[in-house]
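Asks: So that we are looking at the same thing, I have put the structure below in structure tokens.
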Amino acid sequence: MVHLGPKKPQARKGSMADVPKELMDEIHQLEDMFTVDSETLRKVVKHFIDELNKGLTKKGGNIPMIPGWVMEFPTGKESGNYLAIDLGGTNLRVVLVKLSGNHTFDTTQSKYKLPHDMRTTKHQEELWSFIADSLKDFMVEQELLNTKDTLPLGFTFSYPASQNKINEGILQRWTKGFDIPNVEGHDVVPLLQNEISKRELPIEIVALINDTVGTLVASYYTDPETKMGVIFGTGVNGAFYDVVSDIEKLEGKLADDIPSNSPMAINCEYGSFDNEHLVLPRTKYDVAVDEQSPRPGQQAFEKMTSGYYLGELLRLVLLELNEKGLMLKDQDLTKLKQPYIMDTSYPARIEDDPFENLEDTDDIFQKDFGVKTTLPERKLIRRLCELIGTRAARLAVCGIAAICQKRGYKTGHIAADGSVYNKYPGFKEAAAKGLRDIYGWTGDASNDPITIVPAEDGSGAGAAVIAALSEKRIAEGKSLGIIGA
Ligand code: BGC
């Protein structure tokens, strides 16, 4: 491909002058469907607060609100060497974290590619064996095998997992396309610890951590203004510190050494917000994504906001427009008809296409899907990507506003991480604008009282700090969870 001249960023919305009326009409309809106004956002936030509260009651609700058993704020003085692992969608990350004890840390890490199809293997042992083997490789590389001391490990496991104590995680259900039988309903800590022990590795899993809780704690370690840890990535979720006395479902379950004013990190698992479909402005495409997903009826909020689904939404709209005879006429759409063929990098790259004639988009469709596009079609596609990304950002921040309003936070930093936050063009701006619209803040955005900031490394440093806090509790003989756990 020959580029004439340097890439110049162009206005996000290029000229639509050459788009024929029938496509323009579709664009307007899509704009109507995918635009969420401030009033709707506020309605969503209001219902969100009710649902968050419901999740903390004994009866419970759609949002799990899982106590994460981190009952201290980090002081920044935690120190020592810790191992951390993070099981993501494509990679396993293994990190050696050196907490320095002065609000700083060093990390050394390796990534191990998950074997193809591991997300849906029929044999769960393969997953734990793979993690234990990778840990062994890492220990060899880093010359850690000869140490006499057992290395404490923080396991970042970013799926809804119930915890009766910090070193436990009973998987409620897989999300983000994972679907491995015989793990749901089981505690994943012994499953992994057994494989570690079989290999005689000097490692003990001392904490199981959700990525949002890790993000919250890692960011708090360096910035005590942190109010939440949030992930805008393959999945969507947030964590914050609640107070034990406000968590009704823990009433009568706590040992005496956990005072009622103790902080408690909560992994909200708010990807499941509005599974009842009461307030989220779902389009027919959202309904289709849900119906065709491995877990229909679950993760309603996540399905409209997270990276796992944004490309799929784009794909479904394009296929429908094709069926209506409006675009991609007389083309072989075999590839485009494969579910989930478009991961989020597609809408992200299309939005990022800097050329007036959208030639990067042209390339993507030709090379990856064998489809030729006309310029007006590409303009529709680009506009659609903007709409899908902007809607995701605006809805995603409803979780933030709901927690802040529930806890009465008027100011603070929301530590954010995840591929969509870090890589999706315009997401950060749209998220900040969403919060401004919800709160009605006017004036200079740099004065916004609540701001979303890039997080510290949650699944590395965060997992290590939590492991350190957990070890300290063990050393002091303090309880790690509910009575008898
Ligand atoms: C999971 C959460 C996780 C989030 C972000 C969701 O699908 O259920 O546990 O925090 O993704 O990774």
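Asks: Can you pull out every residue in segment 152-163 that is under 18 Å from the mean Cα position of the chain (by Cα) and either within 13 Å of Pro64 (Cβ to Cβ) or more than 10 Å from the ligand (Cβ to nearest atom) (or both)?
Replies: Step one: list which residues in segment 152-163 are under 18 Å from the mean Cα position of the chain (by Cα), which gives 155-162.
The answer is Phe155, Tyr159, Pro160, Ala161, Ser162.
Asks: May I pose another question? Out of Ile166, Ile131, report the one residue that is more than 15 Å from the ligand (Cβ to nearest atom), within 23 Å of Ile482 (Cβ to Cβ) and touching a helix residue (DSSP H, G or I) at 6+ places or on another chain (Cβ under 9 Å). Explain how you work it out, then say what you get.
Replies: Numbers: Ile131 fails: within 23 Å of Ile482 (Cβ to Cβ).
That would be Ile166, the only listed residue that is more than 15 Å from the ligand (Cβ to nearest atom), within 23 Å of Ile482 (Cβ to Cβ) and touching a helix residue (DSSP H, G or I) at 6+ places or on another chain (Cβ under 9 Å).
Asks: Restricting segment 159-200 to residues that are open to solvent by less than 10 Å² (accessible area, probe 1.4 Å), in contact with a Gly (Cβ under 9 Å, 6 or more places away or on another chain) and in a loop (DSSP other than H, G, I, E, B), which is farthest from Lys98 (Cα to Cα)?
Replies: The selected residue is Phe178.
Asks: Do we find a residue being within 16 Å of the ligand (Cβ to nearest atom), assigned to a helix (DSSP H, G or I) and within 14 Å of Glu269 (Cβ to Cβ) anywhere in segment 201-211? Full working, then the answer.
Replies: Restricting attention to segment 201-211, the residues satisfying the condition of being within 16 Å of the ligand (Cβ to nearest atom) are 207-211.
Then keep just the ones that are assigned to a helix (DSSP H, G or I); that gives 211.
Remaining after also requiring within 14 Å of Glu269 (Cβ to Cβ): 211.
Yes, that holds for at least one residue.
Asks: Restricting the search to segment 246-270, which residues are open to solvent by 70 Å² or more (accessible area, probe 1.4 Å) and in contact (Cβ under 8 Å) with a residue 40 or more places away in the chain?
Replies: Asp246, Glu248, Glu251, Lys253, listed by residue number.
Asks: Given the condition surrounded by fewer than 16 Cβ atoms within 10 Å (Cβ to Cβ) and without any contact (Cβ under 8 Å) to a residue 12 or more places away in the chain, answer yes or no: does some residue in segment 83-100 qualify?
Replies: Looking only at segment 83-100, we keep the residues that are surrounded by fewer than 16 Cβ atoms within 10 Å (Cβ to Cβ), and these are 90-91, 100.
Narrowing the set further to residues that are without any contact (Cβ under 8 Å) to a residue 12 or more places away in the chain leaves none.
No, segment 83-100 contains no residue that is surrounded by fewer than 16 Cβ atoms within 10 Å (Cβ to Cβ) and without any contact (Cβ under 8 Å) to a residue 12 or more places away in the chain.
Asks: Just to check your reading of the model, which residue among Lys148, Lys98 is more than 30 Å from Leu250 (Cα to Cα), in a loop (DSSP other than H, G, I, E, B), more than 16 Å from the ligand (Cβ to nearest atom) and not acidic (Asp, Glu)? Let's see the steps before the verdict.
Replies: Numbers: Lys98 fails: in a loop (DSSP other than H, G, I, E, B).
The unique qualifying residue is Lys148.
Condition check ((1) open to solvent by less than 10 Å² (accessible area, probe 1.4 Å); (2) in a loop (DSSP other than H, G, I, E, B)) across all residues:
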site: Ile414; (1), (2): yes, no
site: Arg436; (1), (2): no, no
site: Val453; (1), (2): no, no
site: Ile466; (1), (2): yes, no
site: Lys472; (1), (2): no, no
site: Ser479; (1), (2): no, yes
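Asks: Tell me, which residue of segment 130-151 that is open to solvent by 10 Å² or more (accessible area, probe 1.4 Å), under 25 Å from Asn210 (Cβ atoms) and touching a residue at least 60 places away in the same chain (Cβ under 8 Å) is farthest from the chain's Cα centre (by Cα)? Steps first, answer last, please.
Replies: Looking only at segment 130-151, we keep the residues that are open to solvent by 10 Å² or more (accessible area, probe 1.4 Å), and these are 130, 133, 136-137, 140-151.
Next, only the ones that are under 25 Å from Asn210 (Cβ atoms) stay: 130, 133, 150-151.
If we keep only those that are touching a residue at least 60 places away in the same chain (Cβ under 8 Å) as well, we get 133, 151.
Numbers: Asp133: 26, Leu151: 28 Å.
This residue is Leu151.
Asks: I've got another one for you. Please list, ordered by first then second residue, the pairs with beta carbon atoms under 8 Å, 6 or more apart or interchain, first in segment 449-472 and acidic (Asp, Glu), second in a helix (DSSP H, G or I).
Replies: Sorted first by the residue in segment 449-472, then by its partner, the pairs are Glu456/Thr215; Glu456/Ala218; Glu456/Ser219; Glu456/Tyr221; Glu456/Thr222; Glu456/Gly462; Asp457/Ala218.
Asks: So which residues in segment 416-432 are more than 13 Å from the chain's Cα centre (by Cα), assigned to a helix (DSSP H, G or I) and not basic (Lys, Arg), if there are any at all?
Replies: Phe427, Glu429, Ala430, Ala431, Ala432
The values are calculated or read from the model by the stated rules, or taken from the named source; none is laboratory data. What you are looking at is a predicted structure, and each value in this text was computed from that prediction instead of being measured. Quick reminder, even Gly has a Cβ in these numbers, built from the backbone with ideal geometry, and neighbours come from all protein chains shown. To get the accessible areas, we keep the full protein, side chains included, count just its heavy atoms, and leave off ligands, DNA and RNA. Shrake-Rupley method; radii C 1.70, N 1.55, O 1.52, S 1.80 Å.
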